[in-house]
Amino acid sequence: MATHGDGTHKEDLKIVLKDIGQVYHLKKSADGSREFQALKDINLQVRAGEFVALVGPSGCGKSTLLDILAGLTRPSSGAVYIDGKEITGPALDRGIVLQGYALFPWRTVRRNVEFGLEIKKVPKSERRGISDHFIRLVGLEGFEEHYPHELSGGMKQRVAIARALAYDPEVLLMDEPFAAVDAQTRETLQDELLRIWDETKKTIIFVTHSIDEAVFLADRVAIFSSNPGTFREIVEVDLPRPRHNSDIRSSAEFGWVRHRIWELLQSRPSQECREGGNIVVKDAISPSATI
Amino acid sequence: MSNVRIEDGEGIMLERRAVPASLGKTAPGKKEGAGSIFLRRFLAIHDLLLDWYGIILLLVLWQLCPTLGWIDGRFFPPPSTILAEGVKLVLKGELPAHVLVSLQRTLLGLAAATAVGIPLGFVLGGWFPRAARFLDPLLNLLGQINAFSLFPLFVLFFGIGEIAKFCIIFWSCLWPILFTTISGVQGVDPTYVKLARSMGSNGATIFARVLFPGALPSIFTGLRLGATFAFLMLIAAEMIGASTGLGWLVHNSSVNYLIPRLFLAAVTIALLGMTLNHTLVLLERKLVRWRVRNETA
Ligand SMILES: Nc1ncnc2c1ncn2[C@@H]1O[C@H](COP(=O)(O)OP(=O)(O)O)[C@@H](O)[C@H]1O
Ligand SMILES: [Mg+2]
């Protein structure tokens, strides 16, 4: 497939997606079970430390792909390799951050952040220092003993990020993490995510609905088309780093990349999003792109 | 407490819980007149008593009516007479014995129902959701059967001894505990499980760290419902088939026209029921602090 991994050496590759396909069997009408191809021929190579964004209309299979990467779902065909080894299930080398935060409401901020460390069987004495570090990293010092319901949406998402980072996975999988917060908070979180990415050198796969967000954050943006969900194109984003929301959005290059992605998403509009499985999706993504 | 930051353009904000002015501490460095302090004290006492005014009023009326001869004191003894009767029975050791017997029966049945209901609820709710759905109508039907109406059956099987009474409590507690455990497990947000699974947690870890804490608030509701209801069932059962316990005390007093003792038993039952409920509420607050805080906010 047309990945832009041309110049990269095999050793630098962190994640390799090879011919991923996913078929769901829908038990529905009288004519027995129907098949629904959610993903088809997904190929992608991600370098260590790279930031890749996935955009596409909802229902095109982004979350499904992320679940496969996390090892939560077995793909119907193809395989995922991390550091050259095929993954067989979930493990602590990958961390996930979900749109709905999924913070445990019965745990304080600190104990949420320490959750993965408990699974990893890190002794209690060490856990504290680690959670302190990551709570500071996301700017929540002073809130260690608060419960999630005492925090704003943006703060909850910071906790979720700290929790995913705390057990030190090399890959961070983020599924529309900033979709539920207001626009201003969203920009702050984007800036902070880039800072954290820079400090921690993680490889990040970031699913988003927003073209702006994808262009701002990523090194490369993979554009989905749906039915079956597959990559239409992978666009290289050659904007200089470090990037900050305050200046980069008004630059000409930013506008150009954004427009190109928008065109790609528009090129074969709604007809391909017709009656997919049980969800029918028609929402085209606008260039202003905060949906 | 940790310092409360009110902060930044990102919209970090903490609602400060509204503290009633009468209970709030005076801001440091703020001088107040003697009159104001008196008012504050008064308001503080008023706040504490707020819940009790109704009961106090009732007690006063109750005391006055028979004493002033408005109603017949033989059938409606004033609180002072009941209290005197209470002191007498406590000194004889009779009342504590009955209380203990009733309480012991309740707790034993409750413990057994918990030991069966919670694991069964987790198995049905967590591992066999299909079975739970399939069994739901049946379980609901069984749950609707009043334990008291089964008492003759229990007596038939087990005789009129302790086992029949144990069955009543067990039956009354089991269903609410089972139902709330099932709905508690099924109510746990699947993304919590997904997240725990993504970290490679095994089944036991997910149970202990996600499903159990997630279902606990719901389970407590069932525990509380079951315990208070079972206590009332027990009293009724003791009225027909026992020679000890508070229910028996009510029955025996009424047969023998010992009116103050009858009232004493009734009041003790009410107080004990309240205490039982209250103890469970306190335990719940301690164990599921996060939820209770949320609800009272
Ligand atoms: N477990 C499943 N069974 C059947 N269909 C599914 C299942 N999970 C997802 N799908 C279908 O797969 C498609 C992609 O879903 P998803 O990955 O959630 O899309 P996205 O995250 O891009 O919005 C949707 O049409 C959805 O209905
Ligand atoms: Mg999704």
For this session: Quickly work out the B:Leu135-to-A:Ala183 label distance, labels modelled 7 Å from Cα along the C-beta direction, and quote it in nm with one decimal.
Result: 5.4 nm
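Once the Cβ-Cβ distance between B:Gln104 and B:Gln144 is put in as r, and R0 is 41 Å, what FRET efficiency do you end up with, to the nearest 0.05?
On the way: r = 28 Å, r/R0 = 0.68.
That gives a FRET efficiency of 0.90.
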Exercise. Under unit Cβ charges (Lys, Arg +1; Asp, Glu -1), what dipole magnitude, rounded to 20 debye, does region A:153-232 have relative to its Cα centre?
Worked result: 180 debye
For this session: Enumerate the amide H contacts of A:Phe224 below 5 Å, restricted to partners 5 or more residues apart or on another chain; note that Pro and chain-start residues carry no placed amide H.
Result: A:Val55, A:Gly56, A:Arg232
Exercise. Placing +1 at every Lys and Arg Cβ and -1 at every Asp and Glu Cβ, with all other atoms neutral, what dipole size does region B:86-296 have around its Cα centre, in debye to the nearest 20?
Worked result: 540 debye
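Other chains' Cβ within 10 Å of A:105-112 residues: what's the mean?
Numbers: counts 9, 13, 3, 2, 0, 0, 0, 0.
So the per-residue partner count for this stretch is 3.
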Exercise. Using a probe radius of 1.4 Å on protein heavy atoms only, what is the accessible area buried between chains A and B, both sides summed, to the nearest 100 Å²?
Worked result: 3100 Å²
Problem set entry | Signed unit charges on C-beta, dipole axis of chain A, positive-most listed residue A:Leu137, A:Ala70, A:Ala183 | A:Ala70
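Within chain A, what's the longest run with no trypsin sites (Lys or Arg not before Pro) in a DSSP loop and at most 12 other beta-carbon atoms within 10 Å? Give the range, please. Don't skip to the answer; put the middle values down first.
Values: sites that count: A:Lys28, A:Lys121, A:Lys201, A:Arg274, A:Lys282.
Longest run free of exposed loop sites: A:29-120.
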For this session: Determine which residues of region B:79-122 fall in the zone a paramagnetic label at B:Lys286 would reach in this model, i.e. backbone nitrogen under 12 Å from the point 7 Å along Cα→Cβ.
Result: none
For this session: Please report the relative contact order for chain A, taking Cα pairs under 8 Å with a sequence separation of at least 6, and give it as a percent rounded to a whole number.
Result: 23 percent
Problem set entry | Restraint check, A:Lys14/A:Lys85; B:Lys92/B:Lys165; A:Lys18/A:Lys40, Cα-Cα greater than 21 Å | B:Lys92/B:Lys165
Seminar exercise, completed: Between the residues A:Gly59, A:Phe36, A:Gln157, the Cα farthest towards the positive end of the dipole of chain A, that dipole coming from +1 and -1 charges on the beta-carbon of Lys, Arg, Asp and Glu, is from A:Phe36
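Restrict the search to region B:167-220; then list the chymotrypsin sites (Phe, Trp or Tyr not before Pro) that DSSP places in a loop and that have at most 16 other Cβ atoms within 10 Å of their Cβ.
When the chymotrypsin sites (Phe, Trp or Tyr not before Pro) of region B:167-220 are filtered for loop state and at most 16 Cβ neighbours within 10 Å, nothing remains.
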Exercise. What spacing in nm lies between the two simple spin-label points modelled at A:Glu86 and B:Val267, each 7 Å away from Cα in the Cβ direction?
Worked result: 7.9 nm
Exercise. Say each of B:Thr67 and B:Leu39 gets a label point 7 Å from the Cα, pointing the same way as Cα to Cβ; how far apart are those two points in nm?
Worked result: 3.5 nm
Problem set entry | Accessible surface, chain B, averaged per residue in Å² (probe 1.4 Å) | 59 Å²
Seminar exercise, completed: Kirkwood Rh over alpha-carbon pairs of region A:73-232 plugged into Stokes-Einstein at 20 °C, 1.002 mPa s gives a D in µm²/s of 128 µm²/s
Exercise. In whole percent, how big is the carbon plus sulfur part of the accessible area of chain B, probe 1.4 Å, protein atoms only?
Worked result: 70 percent
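Ignore the peptide's own chain and count Cβ atoms of other chains within 10 Å of each Cβ in A:95-104; give me the average, rounded.
Numbers: counts 3, 6, 1, 4, 1, 4, 2, 9, 3, 9.
What the average comes to for A:95-104 is 4.
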Exercise. Which FRET efficiency value, to the nearest 0.05, is calculated for B:Lys92 and B:Ile240 with the Förster distance at 25 angstrom and r the Cβ-Cβ distance?
Worked result: 0.50
Seminar exercise, completed: The alpha-carbon center of region A:78-99 and that of region B:155-170 are separated, in whole Å, by 57 Å
Problem set entry | Cβ-placed point charges (K, R +1; D, E -1), dipole of the protein assembly as shown about Cα centre in debye, nearest 20 | 1640 debye
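The values are calculated or read from the model by the stated rules, or taken from the named source; none is laboratory data. Quantities reported herein were computed from a predicted structural model and do not represent experimental measurements. For neighbour counting, all protein chains shown are included, and Cβ atoms are generated from backbone atoms with ideal geometry for every residue, glycine included. Surface accessibility is based on the protein's heavy atoms, side chains included, excluding ligands, DNA and RNA. Shrake-Rupley method; radii C 1.70, N 1.55, O 1.52, S 1.80 Å.
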